[in-house]
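Scroll down for the structure; my scribbles are underneath it.
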Amino acid sequence: MKNEPVLKWIREIDKTSKWTTSVCTGSMLLASAGLLTGLKATSHWKPINLLSDFGAIPVRERIVEQEKYITAAGVSAGIDMALYLSDKLVGEDETKAIQLAIEYDPQPLFEVGNYSNAEEKIKKIAGTKLTKDAKKGMELLGMVKHSKSILKIMK
């Protein structure tokens, strides 16, 4: 991440927060901003090792809390982290009530939602899909940037 205005904003917001949190690859932004240097952090399983490029210590856990930083693994871990934070803020009973209110009762069809539980064949298939999705995302981002230029010209 080389967008210095965004990184600067993250560092400024961090100065005012009780906790600074991220879900999925958001930890890459925190690490890029220098906030996770020397700290354990998690991320989505595919790019998790990139955290070390920014001085963080990658760990394959669902939720990692280090000092004021709380990072959650892939997207679905966001709900787990929300409940984790809720427990810290309002306690167990309130958090259980929230969990019931949102009917959060995960019952996955297959036990491969965790990188350590997945077969190598499944990791490879998922990795290929994620790479294709990332390429599509970059193409879409390019189209969006281009469309903004076209709209400016049309004004």
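What to note about this one:
- Cβ-Cβ contacts under 8 Å between residues 6 or more apart (or on different chains), taken from a first residue in the stretch 16-27 that is assigned by TED's automatic domain parsing to the domain that holds Ser52 to a second residue that is among the β-branched types (Val, Ile, Thr) and surrounded by fewer than 17 Cβ atoms within 10 Å (Cβ to Cβ), are listed as Thr20/Ile13; Val23/Val75; Cys24/Val75.
- Qualifying residue in the stretch 56-78 (condition: over 26 Å from Thr20 (Cβ atoms) and either of a type in the set (A, V, I, L, M) or assigned by TED's automatic domain parsing to the domain that holds Gly26 (or both)): no
- Selection count, the stretch 71-125, where residues are of a type in the set (Val, Ile, Thr) and either in contact with a Leu (Cβ under 8 Å, 6 or more places away or on another chain) or surrounded by 15 or more Cβ atoms within 10 Å (Cβ to Cβ) (or both): 4
- Within the stretch 43-52, one or more residues are without any contact (Cβ under 8 Å) to a residue 12 or more places away in the chain, out of contact with any Gly (no Cβ under 7 Å at 6 or more places or on another chain) and closer than 25 Å to Asp133 by Cβ.
The values are calculated or read from the model by the stated rules, or taken from the named source; none is laboratory data. It should be emphasised that the depicted structure is a prediction, and the values quoted were computed from it without experimental measurement. Counting neighbours? That spans all protein chains shown, and the Cβs are built from the backbone with ideal geometry, glycine included.
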